[in-house]
Amino acid sequence: MTTSRSSAIAIKIILTSFYMLLLLASSMIPMDRQIKGIQFVIELKPAIQNLLHVPMFAILSFLLLLILQSFQIVNWKRNAIVLLSSGLFGLINEIIQIPVPGRYGGLTDILLNFAGAILGIIVFFLVEKSINSPPRSLRALRRNKVKNPRRSLRE
């Protein structure tokens, strides 16, 4: 493994770890009191707060997939690892919230975490597919089986 590749992997791991700590820290905010600077979060309707689990865990699963991609893990294994690790992290996150004032752990939140993880996997797959697929013009040329594209464009 080259130094630049090792550095890229380390950056991905650090970024993902920081994001996970940010998720945990945001889950430890008491929701039953006035806290200067984050009052807008506390004032969100509970349904909106619950729906925020989806994009938060979509981002987490996307970041985890970036790390696993660096180790060239096969697609279905990669997706299974991300679903399990996101699900476990979500479960731990919900359990940690139980003693926090104004917070509660819930099955709905866990299911929304899984939904977010699945969304992140889908987005990652679409991004990966668009990056790895040839441009449309090249696909059209292949489909039409043009042997010399310059020649056919002049005609």
Subject >> Built amide H within the under 5 Å cut-off of Gly105, gap 5+ >> reply: Ile98
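Quick one: if you take sqrt(5λ) for each eigenvalue of the C-alpha gyration tensor of the chain, what semi-axes come out, biggest first, whole angstrom? Mind dumping the intermediate values first?
Values: eigenvalues 349, 69, 43 Å².
Value: 42, 19, 15 Å, ordered largest first.
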Original post:
How far is helix 107-132 tilted off the main Cα axis of the chain, in degrees rounded to 10, range 0 to 90?
Top reply: 20 degrees
Original post:
By how many degrees, between 0 and 90 and to the nearest 10, does the Cα long axis of helix 75-97 differ from the longest principal axis of the chain?
Top reply: 20 degrees
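Per DSSP helix of 4 or more residues, -39500 (n - 2.57); summed, then divided by the residues of the chain. What does that give at 222 nm, rounded to the nearest 500? Can you show the working numbers first?
Working: 8 runs with 117 residues, N = 155.
Taken over the chain, the calculation gives -24500 deg cm²/dmol.
On a full-extension model of 0.36 nm per residue, what is the gain between Leu44 and Gln72, subtracting their alpha-carbon distance, rounded to one decimal in nm? The partial results should precede the final answer.
Numbers: separation 28, 0.36 × 28 = 10.08 nm, distance 4.05 nm.
Net length gain for the segment: 6.0 nm.
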Original post:
What ranking do Asp109, Asp32 get, fewest neighbouring Cβ atoms within 10 angstrom at the top?
Top reply: Asp32, Asp109
Subject >> Reachable aspartates and glutamates from Lys12, criterion Cα separation under 19 angstrom, eight or more residues apart if same chain >> reply: Glu128
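None of the figures in this text is laboratory data; all of them are computed from the coordinates on show. If you're wondering where the values come from, they're calculated on a predicted model, not measured in any experiment. Please note: Cβ atoms are built from the backbone with ideal geometry, for glycine as well, and neighbour counts cover all protein chains shown.
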